[in-house]
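The values are calculated or read from the model by the stated rules, or taken from the named source; none is laboratory data. Note that the structure is a prediction, hence the values are computed from the model and not measured. Using ideal geometry, Cβ is built from the backbone for each residue, glycine included, and neighbour counts are taken over all protein chains shown. Side chains included, ligands, DNA and RNA excluded: accessible areas come from the protein's heavy atoms. Shrake-Rupley method; radii C 1.70, N 1.55, O 1.52, S 1.80 Å.
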Amino acid sequence: HDAFKKNYDAYEVTAGIDGLPADLKVKILFGTWCHDSEREVPRMLKLLTALGIKEDNISLISLDIRKDEPEGRAKALDVRYTPTFIFYSDGHEIGRIVERPDVSFANDLSRLLGLQP
């Protein structure tokens, strides 16, 4: 998708995160039709790449305009807005970033992981 690639290429990761769990996984539920997804998904993917998160630990789940998809994962995960980034460690959900970060993805993820006060 051209807009996603353009936004991925343009985004510069300016902060890292120390102390990430080795088993960190993320589910990204998004819509190609969604302007927030177009902006935020590439940024998150660029950050995850910079942090060394393995591709196998990232699930991209594309939703239709009703925020649904054939496997019903969005409904099962109670996704109401796109994009929704759901983070897991040790097999448990540790937190979500919905639509856009409060401060930045690095800052918000650090806070979710308890890596900052």
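A few notes on this one:
- Each residue in region 24-44 was checked for being touching a strand residue (DSSP E or B) at 6+ places or on another chain (Cβ under 6 Å) and either over 19 Å from I61 (Cβ atoms) or part of a loop (DSSP other than H, G, I, E, B) (or both), and 1 of them qualify.
- Region 80-103, residues that are farther than 14 Å from V26 by Cα and either assigned to a strand (DSSP E or B) or open to solvent by less than 20 Å² (accessible area, probe 1.4 Å) (or both): T82
- Of all residues in region 45-71, those that are without any contact (Cβ under 8 Å) to a residue 12 or more places away in the chain and farther than 30 Å from D18 by Cβ have Cβ atoms under 7 Å from Cβ atoms of residues that are β-branched (V, I, T) and outside any loop (DSSP other than H, G, I, E, B), 6 or more apart or on another chain, in E69/I61.
- Hey, E55 open to solvent by less than 100 Å² (accessible area, probe 1.4 Å) and touching a helix residue (DSSP H, G or I) at 6+ places or on another chain (Cβ under 9 Å) or not: no
- Residue within region 2-19 that is in contact with a strand residue (DSSP E or B) (Cβ under 9 Å, 6 or more places away or on another chain) and part of a loop (DSSP other than H, G, I, E, B) present: no
- Qualifying residue in region 59-72 (condition: assigned to a helix (DSSP H, G or I) and touching an Asp or Glu at 6+ places or on another chain (Cβ under 9 Å)): no
- Number of residues in region 30-44 that are within 19 Å of E93 (Cβ to Cβ) and open to solvent by 20 Å² or more (accessible area, probe 1.4 Å) equals 1.
- With respect to the conditions (1) open to solvent by 60 Å² or more (accessible area, probe 1.4 Å); (2) within 26 Å of G114 (Cα to Cα); (3) of a type outside the set (V, I, T); (4) part of a helix (DSSP H, G or I), L47 falls short on a single one, namely (1).
- There is at least one residue in region 106-113 that is closer than 23 Å to A3 by Cα and surrounded by 12 or more Cβ atoms within 10 Å (Cβ to Cβ).
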